[in-house]
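J.: Mind having a look at this structure? Questions to follow.
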Amino acid sequence: MIFQKSIRKYVTALVLSLLLVPFSRYISPLTTIDGIQVYLAYLPMSLMIAMVFIYGRVAIIPLIIASAVTFSLLLHMSCVALASFVFCLIFPIIVCSMMVRNYLGARWRHALTDKGVGIRIFWFGFVAPFSTKLLMYLAGHYIQFPAAVAAYFGDNSLMFMVVDFQNLIAASLIFTFLFYYPLRMILNPNYARAFWRRCVMRDFVGPRRFYSFTWVLCLAVLLVVLCSSWGILQVSGYLVPVIFVLFTQGIRHFGPRIMGLLWAISVWLLLTYNDGFLYGVNTEFALSFVLSVFISFSVCMSYMTMMFKKNEWMKHIYQSQALTDPLTQLPNLRALEHHVQCYPEGTLCCLRMSNLEFLSRHYGMMMRIHCKRIITSQITPFLHEGEQVFQLPGSELLIFLRGQHTDARLEHIVDLLNSKKITWHNTMLEIEYGASYSVIDNSLEELHHTLGQLSYLSDQASESLGVLSLNTRVEYVSDKTTERVLLLQKIKRALNEEEPVTLYAQPIVNKMGHGYHEILSRIIFEDELITPDKFIPVIAEFNLSTRFDMLVVKKLVNYLYLHPEKGEQSRFSVNLMPLTLMQKDIAQNIISLFTQFQVPASSVIIEVTEEQAFSNSETSMQNITLLRDYGFKIAIDDFGTGYANYERLKRLHADIIKIDGCFIKDITTDSLDPLIVKSICDMARAKQLVVVAEFVETEEQRVLLNELGVHFLQGYLLGKPEPLTSVHSLR
């Protein structure tokens with residue numbers, strides 16, 4: 001396939017070269033000075049450079065063949081003279097190509113008007129023509145050339161040689177684009193469409209079209225006047241500078257590609273139909289001056305277009321930065337003002353993340369930025385044309401919606417967000433969302449007033465995780481934030497006093513009724529029982545998990561110390577939260593606690609979540625390994641809820657897996673659940689793991705789970721949680 005592609009490139013390059021080398025020589029501008037024909041631009045050299053830019057080294061052999069065939073038919077040279085002429089033309093281009101590639105790298109043939117303009121101008125615009133002329137001069141001393149071309153090989157005056165050298169420079173600098181862009185568009189239709197869209201339609205459609213059409217009309221009129229045979233000195237003497245002024249103005253409006261192509265076409269017309277343009281130019285000195293002006297302006301125009309393009313690019317960057325929040329990289333309020341001016345009618349929605357402020361106090365500012373980016377990426381697929389998400393300081397985002405049924409769309413977005421979790425450093429964060437909306441117009445003063453009202457209303461809407469309109473009147477909204485703050489205060493007092501944190505235990509038993517207990521916690525504060533579903537989220541949000549887990553482990557170790565039993569069987573299992581395991585020294589602290597009280601590690605099973613067991617966190621994995629090496633058995637809680645796959649199961653280092661309750665509660669009615677549990681049991685048997693099933697509440701579930709191969713069961717059928725002080729041994 002690669003060979004066929006290379007052959008196709010060679011054949012295409014050869015066909016183009018055979019067609020275009022004679023054609024480029026035919027259309028090369030000529031004039032007559034003192035009875036001698038002089039090339040004003042030798043276009044075969046322009047073609048050769050363009051072919052090298054398009055095909056690279058693939059173009060060399062086709063150009064040699066095409067040049068040899070063309071010049072042998074047209075100039076009737078001897079083989080030695082023909083070989084010398086072809087060598088003089090192509091060898092400098094090859095050497096200059098190698099030098100440019102050395103400076104610019106592998107992409108030296110791309111973006112001709114951007115990076116490396118100066119290097120290309122130096123090597124292709126001056127070194128290559130100079131080398132070609134020098135080689136031709138040397139060849140003329142040793143080889144006999146036909147009289148028709150002998151003048152170009154040194155058999156003429158010094159000024160003729162200067163003009164001949166200048167025509168090669170003009171061909172390289174000016175007319176390379178005359179072949180490069182048309183050939184690329186012919187060979188690649190995608191490039192042609194991109195050129196039309198980016199370089200033509202950009203300037204001739206929209207608010208820029210009047211200037212563009214006016215400029216092109218002026219250029220066309222000026223070329224018609226200059227290319228006509230008026231024979232008037234005022235035309236050639238006074239109108240020629242106008243074309244330079246016109247192109248200088250065009251640089252500020254058009255891109256460098258279309259300017260290079262238009263300049264090449266314009267100069268070719270001027271030099272080809274030069275009776276009026278060169279009227280009064282009847283000496284080699286005058287012609288040399290005219291060519292020098294074109295060459296100098298071409299170099300200046302190349303640099304000016306490049307500089308103006310960079311200035312426009314920098315201007316665009318600065319404007320974009322002014323309209324973008326530097327942290328979240330989302331459009332800011334200033335961008336919203338511009339957007340509202342472009343789309344006067346729409347609905348502005350304020351999306352509030354009610355607990356994001358709490359989370360960011362403990363997870364840091366980068367967590368807030370990460371969450372806003374993720375939320376924006378989740379909202380974006382639901383947005384239509386002209387709709388966008390904007391950044392607001394704090395815990396809010398603005399959504400600009402258009403069209404009808406925006407309230408239903410916003411409710412759908414809020415419901416979707418409330419059903420998703422965001423991962424931050426292997427921690428699943430549950431963000432609570434609420435939103436408010438209002439129809440707006442393009443009044444900027446009213447816009448900012450509306451933003452304040454929407455912010456207040458979204459705060460109220462977040463309490464019910466719903467959506468409120470600015471016209472809706474809420475009779476009563478419970479202060480959930482205050483409730484959470486009060487709960488946090490109770491939890492902190494409980495952790496400080498330690499006594500309110502009470503340990504409960506729930507049995508985990510096998511068929512014989514033997515097993516162990518799982519430690520569960522309750523907070524009893526001023527005769528109020530606070531259950532885990534209320535205090536665990538707050539503990540996780542406020543980074544109190546390490547203090548809480550260590551207090552539970554400490555209370556359990558103290559119980560084991562006061563109630564020792566013989567044997568090395570497990571008596572209890574205790575959960576460690578994900579953030580606890582991410583603490584660097586937590587495993588060593590737990591080991592030190594057991595060592596201090598001389599409690600055997602074999603009596604306790606450490607339960608970790610599936611998320612932590614398969615975590616990429618090096619600290620978590622090191623802590624789990626240290627605990628297992630010390631003698632603790634490791635149980636994976638909530639197994640099968642998303643992180644497990646067969647590749648991870650192969651490298652699993654644990655002793656017990658606890659099947660999540662979502663596979664157990666409907667196991668007698670859902671035909672898929674027994675298959676899942678059976679596959680887990682088969683895998684556990686192969687890995688010599690113990691399987692525990694949670695949430696067993698009926699006799700039918702127990703019978704089926706025992707048949708499927710589950711070793712231990714846990715649930716209200718086997719026993720409800722009881723205070724640790726009242727449990728009995730299950731050995």
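The values are calculated or read from the model by the stated rules, or taken from the named source; none is laboratory data. Values in this document were obtained by computation on a predicted structure and should not be read as measured data. No Cβ is skipped: glycine too gets one built from the backbone with ideal geometry, and neighbour counts run over all protein chains shown.
J.: I'm checking my understanding of the structure. Among residues of region 490-536 that are in a loop (DSSP other than H, G, I, E, B) and polar (S, T, N, Q), which one is nearest to residue 700 (Cα to Cα)? Walk me through it before giving the result.
T.: Going through region 490-536, the residues in a loop (DSSP other than H, G, I, E, B) turn out to be 498-500, 510-514, 526-527, 531.
The next check asks that each one be polar (S, T, N, Q); those that pass are 510, 531.
On the way: 510: 15, 531: 29 Å.
Here the residue is 510.
J.: Across region 379-427, what is the total count of residues that are exposed (fewer than 14 other Cβ atoms within 10 Å of the Cβ) and under 17 Å from residue 365 (Cα atoms)?
T.: So the count comes out to 3.
J.: Sticking with this structure for a sec: If you check every pair at least six apart or on different chains, which have Cβ atoms under 7 Å apart with a residue in region 299-310 that is of a type in the set (Ser, Thr, Tyr) first and a residue that is at pLDDT 85 or above second?
T.: Correct list of pairs: 302/117; 302/121; 303/117; 305/251; 305/256; 305/259.
J.: Another question, then. Scanning region 308-363 for residues that are among the aromatic types (Phe, Trp, Tyr) and surrounded by 12 or more Cβ atoms within 10 Å (Cβ to Cβ), which turns out farthest from residue 379 (Cα to Cα)?
T.: Step by step, filter region 308-363, then rank; the result is 308.
J.: With the structure loaded, tell me whether residue 158 is in the same structural domain as residue 40 (by TED's automatic domain parsing), touching a residue at least 40 places away in the same chain (Cβ under 8 Å) and of a type in the set (A, V, I, L, M) or whether it fails that test. Before you say what the answer is, go through the steps one by one.
T.: Details: in the same structural domain as residue 40 (by TED's automatic domain parsing): yes; touching a residue at least 40 places away in the same chain (Cβ under 8 Å): no; of a type in the set (A, V, I, L, M): yes.
In short, no.
J.: Residues of region 145-194 being among the β-branched types (Val, Ile, Thr) and modelled with pLDDT of 90 or more, which ones?
T.: Looking only at region 145-194, we keep the residues that are among the β-branched types (Val, Ile, Thr), and these are 149, 162-163, 169, 174, 176, 186.
Selection gives 169, 174, 176, 186.
J.: Okay, moving on. Within the group 442, 496, which residue is modelled with pLDDT under 80 and under 40 Å from the mean Cα position of the chain (by Cα)?
T.: Values: 496 fails: under 40 Å from the mean Cα position of the chain (by Cα).
Among 442, 496, only 442 is modelled with pLDDT under 80 and under 40 Å from the mean Cα position of the chain (by Cα).
So that you can scan it fast, the table gives a plain yes or no per residue for (1) modelled with pLDDT under 90; (2) in contact with an Asp or Glu (Cβ under 9 Å, 6 or more places away or on another chain); (3) part of a loop (DSSP other than H, G, I, E, B); (4) closer than 21 Å to residue 37 by Cα:
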| position | (1), (2), (3), (4) |
| --- | --- |
| 234 | yes, no, no, no |
| 243 | yes, no, no, no |
| 264 | no, no, no, no |
| 267 | no, no, no, yes |
| 274 | yes, no, yes, yes |
| 278 | yes, no, yes, yes |
| 297 | no, no, no, no |
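J.: Taking residue 680 as meeting all but one of (1) modelled with pLDDT under 90; (2) in contact with a Lys or Arg (Cβ under 7 Å, 6 or more places away or on another chain), write down the number of the exception.
T.: (2)
J.: Further, regarding this structure: When residues of region 20-41 are filtered for being within 16 Å of residue 171 (Cβ to Cβ) and either among the aliphatic types (A, V, I, L, M) or part of a loop (DSSP other than H, G, I, E, B) (or both), how many remain?
T.: 9
J.: While we're here: Please list, ordered by first then second residue, the pairs with beta carbon atoms under 9 Å, 6 or more apart or interchain, first in region 265-281 and over 10 Å from residue 29 (Cβ atoms) and hydroxyl-bearing (Ser, Thr, Tyr), second in a helix (DSSP H, G or I) and at pLDDT below 80.
T.: Hits for this filter: 279/233; 279/235; 279/236; 279/237.
J.: For region 63-80, enumerate the residues that are within 14 Å of residue 48 (Cα to Cα) and assigned to a loop (DSSP other than H, G, I, E, B). Outline the logic, then answer.
T.: Here is the first cut: in region 63-80, the ones within 14 Å of residue 48 (Cα to Cα) are 63-68, 70.
Hits for region 63-80: nothing passes.
J.: Could you please let me know if residue 324 is in contact with a strand residue (DSSP E or B) (Cβ under 9 Å, 6 or more places away or on another chain) and touching a residue at least 24 places away in the same chain (Cβ under 8 Å)? It would help to see each step written out before you state the result.
T.: On the way: in contact with a strand residue (DSSP E or B) (Cβ under 9 Å, 6 or more places away or on another chain): yes; touching a residue at least 24 places away in the same chain (Cβ under 8 Å): no.
No, not satisfied.
J.: For region 709-729, check the following and say yes or no: at least one residue is in the same structural domain as residue 522 (by TED's automatic domain parsing), acidic (Asp, Glu) and buried (at least 20 other Cβ atoms within 10 Å of the Cβ).
T.: no
J.: Looking at region 130-206, what helices (runs of 4 or more DSSP H) fall wholly within it and have at least 1 residues that are surrounded by 15 or more Cβ atoms within 10 Å (Cβ to Cβ) and more than 33 Å from the chain's Cα centre (by Cα)? Walk me through it before giving the result.
T.: Values: elements: 147-150, 158-173, 176-187, 189-195.
In region 130-206, the matching helices (runs of 4 or more DSSP H) lie at 147-150, 158-173, 176-187.
J.: Would you be able to say whether some residue in region 635-656 is at pLDDT 90 or above and in contact with a helix residue (DSSP H, G or I) (Cβ under 7 Å, 6 or more places away or on another chain)?
T.: Scanning region 635-656 turns up no residue that is at pLDDT 90 or above and in contact with a helix residue (DSSP H, G or I) (Cβ under 7 Å, 6 or more places away or on another chain).
J.: Does residue 663 satisfy the condition of being within 48 Å of the chain's Cα centre (by Cα) and closer than 23 Å to residue 506 by Cα? Full working, then the answer.
T.: Details: within 48 Å of the chain's Cα centre (by Cα): yes; closer than 23 Å to residue 506 by Cα: yes.
Yes; evaluated as a whole, the condition is true for this residue.
J.: Follow-up. What number of residues within region 617-633 satisfy the criterion of being outside any helix (DSSP H, G or I) and either at pLDDT below 90 or surrounded by 16 or more Cβ atoms within 10 Å (Cβ to Cβ) (or both)?
T.: Keep residues of region 617-633 that are outside any helix (DSSP H, G or I), which gives 617, 631-633.
Retained after the next criterion (residues that are either at pLDDT below 90 or surrounded by 16 or more Cβ atoms within 10 Å (Cβ to Cβ) (or both)): 617, 632-633.
Total satisfying the criteria: 3.
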